[in-house]
Amino acid sequence: MNSKKKRLTILLPAGRLPLPVMAKAHELAQRFGLEVYLSTAQNMRLMGLDDAQLEQARAELAPLGVEFKGPGKFPIPQVCIGSRDCSAGVQDPEELSRRLLAHFQGRGPFKPKVKIAISGCPLCCPGVKTTDIGVMGSKQGYDIYVGGKGGANPVVGRRIARGAPADQVISTIEALIAYHDRKTPKKQRMVRLLAEPDFPFAEV
Ligand code: SF4
C-alpha cells in the first residue's frame with residue numbers, strides 16, 4: 001500500500017471561497033490533521049492526506065459542487081478583485097471569468113499548459129503580461145496578450161487586441177485554445193506558437 005501523503009486541490013473560480021466549502025475544508029483539516037494551502041493559482045489545497053482520507057475528502061466535498069484539479073480541465077483564469085473592490089479597477093475580472101467558464105463548460109479535454117489571467121486595470125496585478133493568455137482591463141475594454149510566461153526566463157506576451165469588448169475576448173480565447181489544441185501533441189506553452197507562420201493574430 002502506498003503510504004506517501006497526498007494532496008487534494010479544490011478549484012476556486014476567481015479565488016472565491018464559498019462558505020460551505022470553507023466550513024467543510026476546515027472540518028476535514030481538523031479531523032485528519034491537514035494543512036490548508038492557498039495556492040498562487042488561487043485554489044485551495046488540503047495537504048497531508050492518506051489514500052483513504054483522500055477518497056473520503058473527495059466524497060464529502062463533491063456534493064458541495066466543487067471541482068478538483070485534474071488533467072484536461074479548462075484553465076480557470078487567475079484574476080484580481082478589479083472594480084468590485086479596488087480603487088484602480090475599471091473592469092470586473094470575476095464577471096468575465098464567470099462568462100468564460102460558462103462558455104467552455106462541458107467542453108474539453110484541454111491540453112496543458114495554457115494559463116489565463118485577467119486584470120481589472122492596466123497595473124496587471126494577476127500577471128497578465130507574463131501569462132499564456134492575458135486579458136488586461138482598461139477604460140476602453142480589454143487588451144489581450146498572448147505568449148507571455150513567467151519562470152526563470154520570463155517573456156512579455158504579444159498584444160493582439162486593444163479595447164476589446166467581453167464578447168470579443170471570449171471569441172479570441174476560443175480561437176487561441178483551438179489553435180493551441182491543433183498545434184500541440186501533448187502540452188506546450190503558447191509562447192512556442194508565436195513564431196508559427198499561420199498564427200491567427202497579428203501584434204497590434
Ligand atoms: S490590476 Fe488594477 S484593478 Fe486589479 S488589483 Fe491591481 S490595481 Fe486593482
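The values are calculated or read from the model by the stated rules, or taken from the named source; none is laboratory data. Bear in mind the structure is a predicted one, so any value in this text is a computation, not a measurement. No Cβ is skipped: glycine too gets one built from the backbone with ideal geometry, and neighbour counts run over all protein chains shown.
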Within the stretch 115-140, restricting to residues that are free of Cβ contacts under 8 Å to residues at least 40 places away in the same chain and part of a strand (DSSP E or B), the one that is nearest to Ile81 (Cα to Cα) is Met136
For this session: Could you please let me know if Ser83 is crowded, with 22+ Cβ neighbours inside 10 Å and either aliphatic (A, V, I, L, M) or assigned to a helix (DSSP H, G or I) (or both)?
Result: no
Picked from the stretch 14-47 (must be assigned to a strand (DSSP E or B) and under 20 Å from the mean Cα position of the chain (by Cα)), the residue farthest from Cys80 (Cα to Cα) is Leu46
Exactly one of Ile144, Ile177, Ile170 is at pLDDT 95 or above, in a helix (DSSP H, G or I) and touching a helix residue (DSSP H, G or I) at 6+ places or on another chain (Cβ under 6 Å), and that residue is Ile170
Of the listed residues (Gly106, Gly157), the one being at pLDDT below 95 and more than 18 Å from Gln42 (Cβ to Cβ) is Gly106
